[in-house]
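The values are calculated or read from the model by the stated rules, or taken from the named source; none is laboratory data. What you see is a predicted model; the values in this text were computed from it and never measured. Here the Cβ is made from the backbone with ideal geometry for all residues, glycine too, and neighbour counts use every protein chain on show. Heads up: the accessible areas ignore ligands, DNA and RNA and are worked out on the full protein's heavy atoms, side chains in. Shrake-Rupley method; radii C 1.70, N 1.55, O 1.52, S 1.80 Å.
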Amino acid sequence: MRETLEFSGHTIEIRRRRYQTRLGVSVYPNGKIGVSANKTLSQKAILKFLLSKEAWIHSSLEEVEKFREKYPPKKFLPGEVYPYLGEEYLLDFAQDKSFKIQFMENKLCLSFPKDPMTLSQKERERYFQILKKSYKEVAKKLIGQRVEFYSEKMKLYPKSVGFRSQKSIWGSCSPENKISLNCKLIVAPLGVIDYVVVHELAHIKHKNHSKRFWALVDKYVNTREMSKKWLGENHYRADFLSPQSELWS
């Protein structure tokens, strides 16, 4: 059974871990608050700990609210903004003989084989899932091409290349040189995508972040600082592509 307590107008979920020695508090992107504690600590002690962290909790909640205001949940309606390769496109509906997805000027145009204004909620949800699937298919193709391009330039070849939609990891390289890349990178500028690709390929040669590693990265891309800044500031821009929204779940 889920254990909770009330604190400062919020319901706090407590997660007990047998071997945990220190209390921890987390404010999640969806605005929920969680505390991790050991099996024996009293709720009175937990409340005392929360009081000592009250200012930090409220500050973190304010930051979360800013993100939620900046990235409202997608309702799949005309006029919504959808990012793609660093640009923003306004969702636009039209009627045509078949369903099509096209990026035209500043618009993401979706054509339906019926009057889009008559779409039922169920149809709307189905087409939204098709749009997200299309995003991911394009991501795999485009990012895969960038991996091939830089593998040849760097003469570093991964054992395999996989694609996922992780919450916070843009890319990884295993000890066996298996590279995994995040499909959500498709919303980033191409220079940022290239940086992540080169970063992971460089790990085939250097399994660390040493000076030699960064020298290798900088040899092939000059977007390191810009890319790190963009990835840090735009983490939730691709939230709509997540299997479950971080901000609205």
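Can you flag which of K100/K153; K70/K219; K32/K219; K32/K122 are past 32 Å Cα-Cα? Please report the intermediate quantities before stating the final value.
Values: K100/K153 36 Å; K70/K219 35 Å; K32/K219 43 Å; K32/K122 29 Å.
Result: K100/K153; K70/K219; K32/K219 exceed 32 Å.
Over all directions, how big on average is the projection of the convex hull of the alpha-carbon atoms in the chain, in square nanometres?
Values: hull surface 71.5 nm².
Averaging across all directions leaves 17.9 nm² for the Cα convex hull.
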**Report entry** Over 19 Å [Cα-Cα, region 41-106], rounded percent
**Finding:** 60 percent
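Which value, in debye to the nearest 20, gives the size of the charge dipole of region 5-77 about its Cα centre, when Lys and Arg are +1 and Asp and Glu are -1 at the Cβ?
It works out to roughly 440 debye.
Need the full-extension length gain, T118 to F149, defined as separation in residues times 0.36 nm minus the C-alpha distance. One decimal, nm. Don't skip to the answer; put the middle values down first.
Values: separation 31, 0.36 × 31 = 11.16 nm, distance 4.47 nm.
Extra length available between T118 and F149 comes to 6.7 nm.
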Query - GNM flexibility winner over the chain from P78, P189, P175 (Cα, springs under 10 Å) - result: P175
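Tell me the per residue accessible area of the chain using a 1.4 Å probe; a whole number in Å² is fine.
On the way: 14620 Å² over 249 residues.
Dividing the accessible area of the chain by its residue count gives 59 Å².
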Query - Local net charge near K75, Cβ-Cβ under 11 Å (Lys/Arg +1, Asp/Glu -1) - result: 0
Query raised in the report: For G171, what charge total do you get from the other residues with a beta carbon under 13 Å from its beta carbon, if Lys and Arg give +1 and Asp and Glu give -1?
Result: +3
Requested in this report: Keeping the other protein chains in place, figure out the carbon and sulfur percent of the accessible area of the chain, with a 1.4 Å probe.
Outcome: 51 percent
Query raised in the report: What relative contact order, as a whole-number percentage, does region 11-63 give when Cα pairs under 8 Å and 6 or more residues apart are counted?
Result: 34 percent
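On a 1.4 Å probe surface of the protein chains, which of K114, K207, K48 comes out largest in accessible area, and what is the full order?
Values: K114 65, K207 110, K48 155 Å².
Largest to smallest exposure gives the sequence K48, K207, K114.
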Report task. Quote the relative contact order of the chain in percent (integer), defining contacts as alpha-carbon pairs under 8 Å separated by 6+ residues. Result -> 14 percent
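Can you check how the C-alpha radius of gyration of region 1-42 compares to 2.2 N^0.38 Å, as a plain ratio?
Numbers: Rg = 10.4 Å, N = 42, 2.2 N^0.38 = 9.1 Å.
Here the answer is 1.14, to two decimals.
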Query raised in the report: What's the long-distance tail for region 115-249, i.e. % of Cα pairs beyond 24 Å?
Result: 34 percent
Query raised in the report: Roughly what % antiparallel, to the nearest 5, for the DSSP beta bridges in the chain?
Result: 55 percent
Report summary line: Note to self, the chain gives a 222 nm [θ] from helices alone (DSSP H runs n ≥ 4, -39500 (n - 2.57) apiece, / all residues, nearest 500) of -13000 deg cm²/dmol
Report summary line: Label model pair Y157, H58: point-to-point distance (7 angstrom along the Cα→beta-carbon line) in nm is 6.0 nm
Report summary line: In debye to the nearest 20, the charge dipole size for region 142-225, taken about the Cα centre with +1 at each Lys and Arg Cβ and -1 at each Asp and Glu Cβ, equals 220 debye
Query - q = 0.19, 0.24 Å⁻¹, region 50-156: log10 I(q)/I(0) [Debye, one scatterer per Cα] - result: -0.99, -1.33
Report task. Evaluate the relative contact order of region 20-99 (contact order divided by residue number), counting alpha-carbon pairs under 8 angstrom at least 6 apart; express in whole percent. Result -> 20 percent
Query - Viscosity 1.567 mPa s, temperature 4 °C, Stokes-Einstein D of region 1-98 from Kirkwood C-alpha radius, µm²/s - result: 78 µm²/s
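Which value, in debye to the nearest 20, describes the size of the charge dipole of the chain about its Cα centre when Lys and Arg Cβ atoms bear +1, Asp and Glu Cβ atoms bear -1, and nothing else is charged?
Details: 45 positive and 28 negative charges, 251 e Å.
About 1200 debye.
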